[in-house]
Amino acid sequence: MRWKTLVEQNPDIIVLADRDAYMHYLNHADPGMRVEDMFGMRACDFSKPEDRSRVLEAYRHAWDSQEIVETEGPVIWDGKPRWFTTRISPLIQDNETKNLLVVAREITERKQIEESLRESNERFQQFTEAIDQIFWIGELDPFRLVYLSPAFERIFGMQPERGYQDPYSWLERVHPDDKRSC
């Protein structure tokens, strides 16, 4: 009884499945889906059509190899696209796989943040390549560059790697009369 309570109260989706991804047990982790409606379904039925064979192959590989398989991908859950990371673990008895224990954790919010960050980085890259101003991002102690705009090479005629190796290398291009003010 204690173990069942632990499984039922777990926020992750926990499934017992067979080699062909048919679900024989499902905890109540997601209030958006009725457990009763899911029996007789295969886990891959929640995947996008183009991903179903890959998901089914992951279940079969875990069953046949008796190795843990981890996957990550989009699914259609409760009618909405969501992302999950899934760990498929074979339950072995007498050297034979009897069931697969599948633990799935929703990572939709993390994927949305990753996508926003990717888009932001893309915009930053477009911005830095379009301007003819040198700018950098550095750490102070010890001083080192972590980002150097592409204009460094266009204006100073030096490879960016040189700027990363020696943040003061640009001073070589400053006229000697102007170095006193640098």
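Every number here is computed from the coordinates shown, using simple stated rules; none is lab data. Owing to the predicted nature of the structure, the values given are computational and were not obtained by experimental measurement. Note: ideal-geometry Cβ built from the backbone for every residue, glycine included; neighbour counts use all protein chains shown.
Exactly one of these conditions fails for Q112: (1) more than 25 Å from H24 (Cα to Cα); (2) among the polar types (S, T, N, Q); (3) assigned to a strand (DSSP E or B). Give me its number.
Just one mismatch for Q112, condition (3).
Out of region 147-157, which residues are hydroxyl-bearing (S, T, Y) and either part of a loop (DSSP other than H, G, I, E, B) or within 13 Å of W170 (Cβ to Cβ) (or both)?
S149, the sole residue that qualifies.
When you go through P90, P49, P74 one by one, which is the residue that is under 19 Å from the mean Cα position of the chain (by Cα) and either of a type outside the set (S, T, N, Q) or on the phi > 0 side of the Ramachandran plot (or both)?
P74
A quick yes/no check of all residues on (1) assigned to a helix (DSSP H, G or I); (2) surrounded by 11 or more Cβ atoms within 10 Å (Cβ to Cβ):
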site: N121; (1), (2): yes, no
site: Q125; (1), (2): yes, yes
site: E129; (1), (2): yes, no
site: D132; (1), (2): no, no
site: D141; (1), (2): no, no
site: L145; (1), (2): no, yes
site: R162; (1), (2): yes, yes
site: W170; (1), (2): yes, yes
